[in-house]
Amino acid sequence: MKTKFKFLYILVSILVINTSVFSDEKNKGLNFYTGMFDFSDDGKRASLYGVEHQNENLYRDTIFGRISPVTGAMITQDNATYFYTGVETNYSLGPLNVTPSFTPGWYRQGDGKDLGHPLEFKSEVQLSLDLSEGSNLGMSYNHVSNASLGDKNPGANSYMFNFLKKF
């Protein structure tokens, strides 16, 4: 039980640090999303809601492009929760943006799907369209899996509709 609280404390600390560092600079954003958790499993399909913080100021240039941190949380209608932090990169094609990300996190089943392990990994791709200088509207797809850390690894496929506001 103590390990869960330590992990949650670390995730919350990262979110607080990520939002407070460079607080007077631009290129930070909040991504609000809603969609369907595990849409491919008729028995455990559930609505989901989430928020994600993005900070492009804390970037690193790599062979994959400019990588920046992302931290967030989601909850399903069955009270399954996922707190995560990881990296993303953004490729702009005019007004269209393609944003792949990878975020390890802590999953709690609640009354939802048993994913087999508390440590899960989320791989996601988001397509979004610039609405204005500081707003994007998009859709994303992700897969959450424990990489066979647990005795079972059913995974979950989800889709979301996203609204990103930069500040």
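When region 112-157 is examined, which residues are found to be loosely packed, with under 15 Cβ neighbours inside 10 Å, of a type in the set (Gly, Ala, Ser) and within 24 Å of Gly29 (Cβ to Cβ)?
Residues satisfying the conditions are Ser123, Ser132, Gly134, Ser135.
Quick one: Phe39 ticks every box in (1) free of Cβ contacts under 8 Å to residues at least 60 places away in the same chain; (2) under 20 Å from Phe161 (Cα atoms); (3) in contact with a Ser or Thr (Cβ under 9 Å, 6 or more places away or on another chain); (4) part of a loop (DSSP other than H, G, I, E, B) except a single one, so which number is it?
Result: Phe39 passes all but (1).
Yes or no: region 144-153 includes at least one residue that is under 18 Å from Ser47 (Cβ atoms), outside any loop (DSSP other than H, G, I, E, B) and in contact (Cβ under 8 Å) with a residue 60 or more places away in the chain.
Here is the first cut: in region 144-153, the ones under 18 Å from Ser47 (Cβ atoms) are 144.
This time we only want the ones that are outside any loop (DSSP other than H, G, I, E, B), so: 144.
Narrowing further to those that are in contact (Cβ under 8 Å) with a residue 60 or more places away in the chain: 144.
Yes, region 144-153 contains at least one residue that is under 18 Å from Ser47 (Cβ atoms), outside any loop (DSSP other than H, G, I, E, B) and in contact (Cβ under 8 Å) with a residue 60 or more places away in the chain.
Of the numbered conditions (1) within 20 Å of Gly29 (Cβ to Cβ); (2) surrounded by 14 or more Cβ atoms within 10 Å (Cβ to Cβ); (3) polar (S, T, N, Q), Gln109 satisfies every one except a single condition; which is it?
Among (1) within 20 Å of Gly29 (Cβ to Cβ); (2) surrounded by 14 or more Cβ atoms within 10 Å (Cβ to Cβ); (3) polar (S, T, N, Q), Gln109 violates only (1).
If only one of Leu30, Leu15 is within 13 Å of the chain's Cα centre (by Cα), over 17 Å from Ser92 (Cα atoms) and modelled with pLDDT of 85 or more, which one is it?
On the way: Leu15 fails: modelled with pLDDT of 85 or more.
Testing whether each residue is within 13 Å of the chain's Cα centre (by Cα), over 17 Å from Ser92 (Cα atoms) and modelled with pLDDT of 85 or more leaves just Leu30.
With the structure loaded, tell me whether Leu131 is among the hydrophobic types (A, V, I, L, M, F, W, C) and more than 18 Å from the chain's Cα centre (by Cα) or whether it fails that test.
Working: among the hydrophobic types (A, V, I, L, M, F, W, C): yes; more than 18 Å from the chain's Cα centre (by Cα): yes.
Criteria met by Leu131.
The values are calculated or read from the model by the stated rules, or taken from the named source; none is laboratory data. Predicted, not measured: the structure shown is a model, and the values here were computed from it. Here Cβ is always computed from backbone atoms with ideal geometry, including for glycine, and neighbour counts include all displayed protein chains.
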